[in-house]
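The values are calculated or read from the model by the stated rules, or taken from the named source; none is laboratory data. Quantities reported herein were computed from a predicted structural model and do not represent experimental measurements. Positions of Cβ are generated from backbone atoms using ideal geometry, with glycine treated the same way; all protein chains shown enter the neighbour counts. Side chains included, ligands, DNA and RNA excluded: accessible areas come from the protein's heavy atoms. Shrake-Rupley method; radii C 1.70, N 1.55, O 1.52, S 1.80 Å.
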Amino acid sequence: MTAPALPRLPEAPAAHTVLNLREYETIARGLLDPIFYDYVAGGARDEVTVRANEHGFARLGLLPRMLRGSDTRDLGVTLFGTPSSLPVFLSPTAFHRLAHPDGELATARAAAKAGVIMTVGMASTTSVADVAAAARQAVPDRAPALWFQLYLQPDMAVTRALVRRAEAAGCTALLVTVDSPVLGIHERNKRNGFNDLPPGVVCENLRDLTGSEPGHIRQIAMSADLGWDHLDRLREMTSLPVVLKGVLHPEDGRIAVAHGVDGLLLSNHGGRQLDTAPATVDLLPDMLAAVAGRVPVLLDGGVRRGTDVVKALALGATAVGIGRPVVYGLAAGGEDGVRHVVDLLREEIDHTLALCGATAPRDLTPDLVRTVPAVPR
Ligand SMILES: Cc1cc2nc3c(=O)[nH]c(=O)nc-3n(C[C@H](O)[C@H](O)[C@H](O)COP(=O)(O)O)c2cc1C
Ligand SMILES: O=C(O)C(=O)c1ccccc1
């Protein structure tokens, strides 16, 4: 068993020297323990889906409109009642204390100051209550904009305990991950022998649940026995909006709506579960058709540029999530790094809207998106 050492305190790069999200990956790679970098960057099996997500955006072009924009643009959206300054939210990622000693606290402060929603992972290395306190302290005059990511547990008492913790912390929605009946196989982790957290790093939300290993990642039960009935029982146990994360087949989108979900997050887990699942942006039109406007559809996977965000919104997504770029920003510069990642995207989205003749996300329509031959990078 090899657990990576905690990273040394990284030197925060001067913000002006980092120009885009991909550069944050390069910087993080130089700072992180290679075992943890591989954990973050990697995906399932051949990592086909990891590459496909970014490639999906590369195969779409934006066809701008002229002479109809405005110098004042509004990027804000409201997602399940939670306002966000951007149509971008932070997707849940586990183990932030492996990227930076301040862990999820730094991420929460950055998200709160940037006015975007952070999804706290069930496998966070800071408790959801402490994350919420950090967000509140960072921006005292605003309610924290936090969602909680949940793996449905076959023991519904455990599920209930986690939901109560998220509610008590003030989370305003539950993202329920359903793409993990079993955990994806990451060959990089196998090669590196990465199968445990270093001493002192604990999944704080799992500390005092039933089970013999308090705070251990093995406390999270992945179960292929879960079914739609478990979702129904979750629906009955909370009045929080429930967003299903990881549905990919349009028929599952229809079933989810019939079961009363408040929204869908079209996600292939960043290519970390079923390898060769298609790119999420390629699946978006079919999912939107299946859902037919009954609930908002969010998307994550491979979003690295403002143009990616604008393409997804133009096709009909309500907002998009970012996963790895947040961890890379955190590794590179703690709170400032995450803040800069969000602010870089903000500037790129605003600039792209201007160039497309749009003043707000609602101006974006599918006719602005064309399939093109991907240009090699
Ligand atoms: C290091 C890492 C940890 C993740 N942990 C979780 C998790 O605990 N729960 C979950 O639902 N998704 C998890 N995800 C998936 C993300 O929520 C998201 O779907 C994915 O990262 C989006 O793709 P992107 O990284 O290309 O932006 C994780 C992703 C990464 C990279
Ligand atoms: O690494 C992941 O993608 C992930 O979702 C996960 C699942 C269980 C524990 C920690 C992370």
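Among 60, 67, which is the only one that is of a type in the set (A, V, I, L, M), open to solvent by 50 Å² or more (accessible area, probe 1.4 Å) and out of contact with any Leu (no Cβ under 7 Å at 6 or more places or on another chain)?
Only one candidate passes the filter, namely 67.
Considering only helices (runs of 4 or more DSSP H) fully contained in segment 156-262, which possess at least 1 residues that are of a type in the set (Phe, Trp, Tyr)?
Once the helices (runs of 4 or more DSSP H) in segment 156-262 are filtered for at least 1 residues that are of a type in the set (Phe, Trp, Tyr), what remains is 228-237.
Please go through segment 139-157 and pick out each residue that is within 27 Å of residue 266 (Cβ to Cβ) and open to solvent by less than 30 Å² (accessible area, probe 1.4 Å).
Scanning segment 139-157 gives 144, 145, 146, 147, 148, 149, 150, 152, 153, 156.
Under 6 Å between Cβ atoms, at least 6 apart or on separate chains: pull out the pairs that start in segment 136-155 with a residue that is closer than 13 Å to residue 115 by Cβ and touching a residue at least 60 places away in the same chain (Cβ under 8 Å) and end on any residue that is of a type in the set (S, T, N, Q) and outside any loop (DSSP other than H, G, I, E, B).
Once the first residue is closer than 13 Å to residue 115 by Cβ and touching a residue at least 60 places away in the same chain (Cβ under 8 Å) and sits in segment 136-155, its partners that are of a type in the set (S, T, N, Q) and outside any loop (DSSP other than H, G, I, E, B) give 145/82.
Between a residue in segment 105-132 that is farther than 21 Å from residue 176 by Cβ and of a type in the set (Lys, Arg) and any residue that is assigned to a helix (DSSP H, G or I) and open to solvent by 10 Å² or more (accessible area, probe 1.4 Å), which pairs come within a Cβ distance under 7 Å, given they are 6 or more apart or on different chains?
109/138; 109/335; 113/138; 113/339
Across segment 244-297, which residue is surrounded by the most Cβ atoms within 10 Å (Cβ to Cβ) among those that are charged (D, E, K, R) and farther than 24 Å from residue 233 by Cα?
In this case the residue turns out to be 272.
Under the condition of being open to solvent by 20 Å² or more (accessible area, probe 1.4 Å) and among the small types (Gly, Ala, Ser), which residue from segment 335-377 is farthest from residue 113 (Cα to Cα)?
374
Inspect all residues belonging to segment 43-61 and state whether any of them is aliphatic (A, V, I, L, M), modelled with pLDDT of 95 or more and over 26 Å from residue 313 (Cα atoms).
Yes: segment 43-61 contains one or more residues that are aliphatic (A, V, I, L, M), modelled with pLDDT of 95 or more and over 26 Å from residue 313 (Cα atoms).
Out of 225, 208, 229, report the one residue that is more than 23 Å from the chain's Cα centre (by Cα) and under 19 Å from residue 130 (Cβ atoms).
208
Could you run through segment 192-223 and say how many residues are within 15 Å of ligand 2 (Cβ to nearest atom), exposed (fewer than 12 other Cβ atoms within 10 Å of the Cβ) and touching a residue at least 40 places away in the same chain (Cβ under 8 Å)?
0
Filter segment 83-95 down to the residues that are open to solvent by 10 Å² or more (accessible area, probe 1.4 Å) and not small (Gly, Ala, Ser) and list them by number.
Passing the criteria: 83, 92, 93, 95.
Go through segment 277-377 and tell me which strands (runs of 3 or more DSSP E), entirely inside it, have 3 or more residues that are more than 20 Å from the chain's Cα centre (by Cα) and in contact (Cβ under 8 Å) with a residue 12 or more places away in the chain.
Qualifying strands (runs of 3 or more DSSP E): 369-371.
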